[in-house]
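Working notes for the structure below.
The values are calculated or read from the model by the stated rules, or taken from the named source; none is laboratory data. Everything numeric in this text was worked out from a predicted model, so none of it was measured. FYI the Cβ positions are ideal-geometry reconstructions off the backbone, even for glycines, and counts take in every protein chain you see. Heavy atoms of the whole protein, side chains included, go into the accessibility calculation; ligands, DNA and RNA do not. Shrake-Rupley method; radii C 1.70, N 1.55, O 1.52, S 1.80 Å.
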Amino acid sequence: MTASSNVADRAPRADVDVIVVGAGLSGLTAAHRLRQFGSTVAVFEAASRVGGRVSSAEVDGVHVDLGGTFVGPGQDRILALAEEVGVSRYPTYSAGRNVIRWRGEHRRYRGTVPPVGANLLDVGRIQLTLDRLARTVPCGDPAAAAHATEWDAESLGSWLRRSRASAAARDLIAIAGRTTWGCEPDELSFLHALHYIHQAGGLSSMLDTEGGAQEEHFVEGSHEIAVRLAAQLGPALRLSAPVRSIEVTDEGVRVSTADERVTARTVVVAVPPSQRGRIDFSPALPPVHTQMAQRWPAGVLSKAYAIYERPFWRDSDLSGQGLSDTGPVFITFDASPARSDGPGVLLGFIGGVYAREWDELPEPERRARALSSLADLFGPRALDAVGYIDQRWGAEPWVGGGPTAAPGPGAVVPYAAAVGAPVGPILWAGTETAERWTGFMDGAVRAGERAALQARNILASSSTDHEQTGAAR
Ligand SMILES: Cc1cc2nc3c(=O)[nH]c(=O)nc-3n(C[C@H](O)[C@H](O)[C@H](O)COP(=O)(O)OP(=O)(O)OC[C@H]3O[C@@H](n4cnc5c(N)ncnc54)[C@H](O)[C@@H]3O)c2cc1C
């Protein structure tokens, strides 16, 4: 007899042991681990595909990751999961010089520090200060930092001004912030920025390619991890099935979509914080949870991919990594396939203030502006793309933006605990609930694994209760 049939025998009134809401990496990981523990699951996904903020496309036979892409050292859980499902990785191309377009000038440089003139020392000072302050914010509990209230009351932008950061340092942090949180420095709680930096292992670990979070990507694409996890679920996975309501009952939970009503002992809600507000909870969630869903909005980050016959920039000893103090594309990577003789692919990010304008444009205009940005960095050959695709995450109805939640000033101290705190049998997953690498694919996997353990504990304690009740009868 399997463990799952054991639990089912003791809990005849529940259709399954655990319901998972959301088939992004976090929900799929939770379901995968629960099945490995021997539990039965049902997974509801609102969209017509799995993966959430990981997605993929083929452009002229070239695979591109439209959402989460890169992984790096310390991201042990996504690396282990990828290995488990047979998805392999290869290094992000970084040989040669990087380019920067700064104050109207074009420069090439090696290493991680861009040449921003006389302000270089100040950039170093700001980076060191951010790293030092970040280490004082406890991972998983930012409100417990000694200066939590003070730091939460201001934005990353106001802190930069108060610290007399040079314009160069402010602009470089803005570039980093647009990619990391999809927002401008004035929109983000300074406490959140520090917490995020700490749990990602510091600014270098978070931002660097070699030795950092952009070091590698997946040969088959990150989306393939989600696709392979989903394939194991069979009919337990329901697509195009947005969960409308979650009702707490005496036996556990009742979860409803437009077509189905399923009961379970517990539910793992693995949707972005801002999407929780679209589910009708009964009884209503404690007010702090409802408020949190309103005050932890998604950032705005979009991606543009240009495909070329060859990675022509490599001929000029360029890595394909570029930075720009103008938009719409403000940071680039070489995302060419692993084969060295294959086509070339440039990936450009459009985030924060740039994304808000660019996302509204029709596709031909978005393409023209993205290629023009690439040409500013890599020369006119960048205009001769043989293929092009972009993805506007703000237009994804069940995700609402990316790469992650971006709480503004004042939204962390009162609400951070509600992001992951269970409410009776309602458990939360999703990258925003992770204590390490929150915002990243690794955080999504960690959170899914943690939620699976929490669900297993609930199942174990409810079967113990049942045995005790049975013994007392
Ligand atoms: C442009 C971009 C670039 C990124 N780059 C990187 C990177 O290079 N490296 C990295 O590590 N991370 C990156 N990320 C972040 C990474 O993709 C996310 O952290 C991760 O994929 C989040 O997974 P998740 O499962 O927590 O949430 P999601 O992927 O958002 O999954 C939530 C799921 O819930 C579903 N859902 C919502 N509401 C309901 C409902 N009511 N009922 C049922 N289902 C519902 C959604 O459709 C979605 O599928 C990037 C993200 C973006 C957008």
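Among the helices (runs of 4 or more DSSP H) lying completely within segment 253-363, list those that include at least 3 residues that are within 21 Å of the chain's Cα centre (by Cα), within 16 Å of the ligand (Cβ to nearest atom) and assigned by TED's automatic domain parsing to the domain that holds Gly61.
352-358
Quick one: Pro115 ticks every box in (1) within 15 Å of the ligand (Cβ to nearest atom); (2) open to solvent by 30 Å² or more (accessible area, probe 1.4 Å); (3) touching a Phe, Trp or Tyr at 6+ places or on another chain (Cβ under 9 Å) bar one, so which box is it?
(1) is the only condition that Pro115 fails.
Could you say which residue among Val20, Val7, Val41 is modelled with pLDDT under 95, farther than 30 Å from Ala306 by Cβ and crowded, with 19+ Cβ neighbours inside 10 Å?
Val7
Thr129 - would you say it is closer than 16 Å to Met206 by Cβ, polar (S, T, N, Q) and not in a loop (DSSP other than H, G, I, E, B)?
It is true that Thr129 is closer than 16 Å to Met206 by Cβ, polar (S, T, N, Q) and not in a loop (DSSP other than H, G, I, E, B).
Looking only at segment 382-392, decide whether some residue is open to solvent by 50 Å² or more (accessible area, probe 1.4 Å) and within 16 Å of the ligand (Cβ to nearest atom).
yes
In this structure, is Glu216 in the same structural domain as Phe333 (by TED's automatic domain parsing) and open to solvent by 10 Å² or more (accessible area, probe 1.4 Å)?
Taking the combined requirement at face value, the residue satisfies it.
Conditions: (1) open to solvent by 10 Å² or more (accessible area, probe 1.4 Å); (2) within 30 Å of Val329 (Cα to Cα); (3) away from the ligand (no atom under 16 Å from the Cβ). Ala460 meets all but one. Number of the miss?
Of (1) open to solvent by 10 Å² or more (accessible area, probe 1.4 Å); (2) within 30 Å of Val329 (Cα to Cα); (3) away from the ligand (no atom under 16 Å from the Cβ), only one is false for Ala460: (2).
Would it be correct to say that Arg446 is under 23 Å from Gly140 (Cβ atoms) and in contact with a Cys (Cβ under 7 Å, 6 or more places away or on another chain)?
no
Which of the residues spanning segment 76-93 are open to solvent by less than 60 Å² (accessible area, probe 1.4 Å) and not aromatic (Phe, Trp, Tyr)?
Taking segment 76-93 first, the residues open to solvent by less than 60 Å² (accessible area, probe 1.4 Å) are 78-82, 85-88, 90, 92.
Matches in segment 76-93: Ile78, Leu79, Ala80, Leu81, Ala82, Val85, Gly86, Val87, Ser88, Thr92.
Name every residue in segment 405-427 that is under 18 Å from Gln294 (Cα atoms), crowded, with 18+ Cβ neighbours inside 10 Å and not hydrophobic (A, V, I, L, M, F, W, C), in order of residue number.
Pro407, Pro409, Tyr415, Gly420, listed by residue number.
Sort out which residues of segment 207-228 are at pLDDT 95 or above and assigned to a helix (DSSP H, G or I), and write them in order of number.
Correct list: His223, Glu224, Ile225, Ala226, Val227, Arg228.
Quick test for you: out of Arg244, Arg228, pick the one residue that is basic (Lys, Arg), within 11 Å of the ligand (Cβ to nearest atom) and more than 17 Å from the chain's Cα centre (by Cα).
Answer to the selection: Arg244.
From Gly439, Gly402, which residue is closer than 21 Å to Val353 by Cβ, open to solvent by less than 10 Å² (accessible area, probe 1.4 Å) and not assigned by TED's automatic domain parsing to the domain that holds Ala145?
Checking each option against the conditions leaves just Gly402.
Could you tell me whether segment 332-343 includes any residue that is under 30 Å from Ser274 (Cα atoms) and charged (D, E, K, R)?
Checked segment 332-343: no residue is under 30 Å from Ser274 (Cα atoms) and charged (D, E, K, R).
Test Gly96 against the criterion of being buried (at least 20 other Cβ atoms within 10 Å of the Cβ), among the small types (Gly, Ala, Ser), closer than 22 Å to Gly344 by Cα and touching a residue at least 24 places away in the same chain (Cβ under 8 Å), and give yes or no.
no
Do we find a residue being closer than 30 Å to Arg295 by Cα, away from the ligand (no atom under 16 Å from the Cβ), assigned to a helix (DSSP H, G or I) and at pLDDT 95 or above anywhere in segment 439-453?
Of all residues in segment 439-453, those closer than 30 Å to Arg295 by Cα come to 439-453.
This time we only want the ones that are away from the ligand (no atom under 16 Å from the Cβ), so: 453.
Of the ones still in play, those that are also assigned to a helix (DSSP H, G or I) are 453.
Those left that are additionally at pLDDT 95 or above: 453.
Yes, there is a match, as at least one residue in segment 439-453 is closer than 30 Å to Arg295 by Cα, away from the ligand (no atom under 16 Å from the Cβ), assigned to a helix (DSSP H, G or I) and at pLDDT 95 or above.
From (1) out of contact with any Phe, Trp or Tyr (no Cβ under 8 Å at 6 or more places or on another chain); (2) among the charged types (D, E, K, R); (3) more than 22 Å from Ala370 (Cα to Cα), pick out the condition that doesn't hold for Arg295.
Here Arg295 meets the rest and fails (1).
From the set of residues in segment 61-82 that are assigned to a strand (DSSP E or B) and within 17 Å of Leu229 (Cβ to Cβ), which is nearest to the ligand (Cβ to nearest atom)? Spell out how you get there, then give the answer.
Step one: list which residues in segment 61-82 are assigned to a strand (DSSP E or B), which gives 62-65, 70-71.
Subset that is within 17 Å of Leu229 (Cβ to Cβ): 65, 71.
Numbers: Asp65: 8, Val71: 6 Å.
Here the answer is Val71.
Considering only segment 153-176, state which residues are touching a Gly at 6+ places or on another chain (Cβ under 7 Å) and within 20 Å of Gly348 (Cβ to Cβ).
none
For Ala231, state whether it is open to solvent by 10 Å² or more (accessible area, probe 1.4 Å), at pLDDT 95 or above, under 30 Å from Ser256 (Cβ atoms) and assigned to a helix (DSSP H, G or I). Give the derivation first.
Numbers: open to solvent by 10 Å² or more (accessible area, probe 1.4 Å): yes; at pLDDT 95 or above: yes; under 30 Å from Ser256 (Cβ atoms): yes; assigned to a helix (DSSP H, G or I): yes.
Criteria met by Ala231.
How about segment 372-420: which of its residues are part of a loop (DSSP other than H, G, I, E, B), farther than 28 Å from Glu449 by Cα and out of contact with any Asp or Glu (no Cβ under 8 Å at 6 or more places or on another chain)?
Within segment 372-420, Gly379, Asp384, Ala385 qualify.
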